[in-house]
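Enquirer: Okay, here's the structure, questions in a sec.
Here, each number is a calculation from the coordinates, and none is a lab measurement. Just so we're clear, the structure is a prediction, and the values are computed from it rather than from any experiment. Here Cβ is always computed from backbone atoms with ideal geometry, including for glycine, and neighbour counts include all displayed protein chains.
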Amino acid sequence: IFGGLKVPPGAIPWQVSLQIRHKGSTQAYRHICGGTLIDSCWVLTAAHCIDKKKDMQVVMGGLSLDLDEPTMQTLQVEEAIAHENYRETAVSVHNDIGLLRLEGNDGVCANESQFVKRACLPDVQLPDGIECTISGWGATEQSDFGSSHLLEANVLLINQEKCSEPKVYGGALDGGMFCAGHLQGGVDSCQGDSGGPLTCERDTSRVIYGVVSWGDQCGKKNKPGVYTRVTHYLNWIKSKIRAPSS
Ligand code: 4AZ
């Protein structure tokens, strides 16, 4: 996160760290992406974060990637589902959405606590210009390697036509994407934040409105972050969650 602040304990209880096992090691896992807990056994992430060949685990309820915190829960990924039409082109990433099914018993995987909670799915599109929140352990203006403490920042939803102007992303956007950030630059998601949440306030709760997907570098003028538009994929998400492993 560029231009972010440290997240206080329990403030973003749906944030997870998606980690893959180091080659040749039985114990060590490395953070690769963010994700969002949307159900006890389901994490929403980006398709480009999914590596079916590697063991994946999810850590939730914590803020640090370096320390073991007593509030943390670590769960293995039983199944990783990338969108069937996920495609990367030279200028864009299409259908960059995926789901992780967690290991558990009788439909209980993550245990809800003050530090671990599900985010709600959105029901409608939200208006341009509203303030939403992004978070993650990704690269910062100080470090390409990311932050060991979870960071957050506020971004604005940017009009789709405005973001499709030639000086911004031209024709690279499709209806499954939206832009959020600050066109003057400075505040943005970055590498390592991918897959993580963009949430917005709706009534009295927060909804998971976007998944960190791509952008032309980070924090640059006229190059805001591009997010997978969760409302575009509600039927896809619901179909997968209703019928696990089919
Ligand atoms: C990345 O490389 C990446 N500024 C993620 C987010 C953004 C750019 C790049 C948005 O994963």
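Enquirer: Considering the chain as a Gaussian network with a 10 Å cut-off on Cα pairs, which listed residue, 13, 122, 70, attains the greatest mean-square fluctuation?
Expert: Taking springs between Cα atoms under 10 Å, the residue moving most is 70.
Enquirer: Using the Cα atoms as the points, what is the convex hull volume per residue of segment 134-246 in Å³?
Expert: 131 Å³
Enquirer: Right, next: For a footprinting-style exposure proxy, rank 147, 40 by other Cβ within 10 Å, fewest first.
Expert: 40, 147
Enquirer: Then there's this: Where Lys and Arg each count +1 and Asp and Glu each count -1, what net charge lies around residue 129 among other residues with Cβ under 14 Å from its Cβ?
Expert: That works out to -3.
Enquirer: List the Cys residues of the chain that have no partner Cys with a C-beta closer than 4.7 Å.
Expert: Singleton cysteines: 120.
Enquirer: Next question. Suppose a student asked you for the relative contact order of segment 174-246, using Cα pairs under 8 Å spaced at least 6 residues apart; what percent would you report?
Expert: Across segment 174-246, relative contact order equals 36 percent.
Enquirer: A further question follows. Got the relative contact order for the chain handy, in percent, Cα pairs under 8 Å and 6 or more residues apart?
Expert: That works out to 23 percent.
Enquirer: If one computes P(r) from the Cα atoms of the chain, what percent of pairs lie at distances over 32 Å?
Expert: Of all Cα-Cα distances in the chain, 13 percent exceed 32 Å.
Enquirer: If you count, for each residue, the other Cβ atoms within 10 Å and average over each peptide, how do 169-179, 231-241 line up from highest to lowest?
Expert: 169-179, 231-241
Enquirer: If you average the sequence gap of Cα pairs under 8 Å that are 6 or more apart and divide by the length of segment 75-168, what percent do you get for the contact order?
Expert: 19 percent
Enquirer: Among 74, 140, 204, determine the one that fluctuates most according to a GNM of the chain built with springs between C-alpha atoms less than 10 Å apart.
Expert: Evaluated over the chain, the most mobile residue of the options is 204.
Enquirer: With n ≥ 4 as the cut-off for DSSP H runs, can you work out [θ] at 222 nm for the chain, using -39500 (n - 2.57) per run divided by the number of residues, rounded to the nearest 500?
Expert: Result for the chain: -1500 deg cm²/dmol, rounded to the nearest 500.
Enquirer: What does the convex hull of the Cα atoms come to per residue for segment 79-143, in Å³?
Expert: So the per-residue hull volume is 228 Å³.
Enquirer: Pick from 65, 44, 99: which is most flexible by mean-square fluctuation in a GNM of the chain where alpha carbon atoms under 10 Å apart are linked?
Expert: 65
Enquirer: Sticking with this structure for a sec: When we measure straight from the Cα of residue 167, which lysines land under 17 angstrom away, once same-chain ones fewer than 8 places off are left out?
Expert: Partners within reach: 220, 221, 223.
Enquirer: Where does the charge balance sit around residue 200 when Lys and Arg score +1, Asp and Glu -1, over other residues with C-beta under 14 Å from its C-beta?
Expert: -3
Enquirer: Summing +1 for each Lys or Arg and -1 for each Asp or Glu, what net charge is found among the other residues whose Cβ lies under 11 Å from the Cβ of residue 92?
Expert: Around residue 92, the surrounding residues sum to -3.
Enquirer: Let me ask something else. If you find the alpha carbon centre of segment 8-50 and of segment 116-192, how far apart are they in angstrom?
Expert: 19 Å
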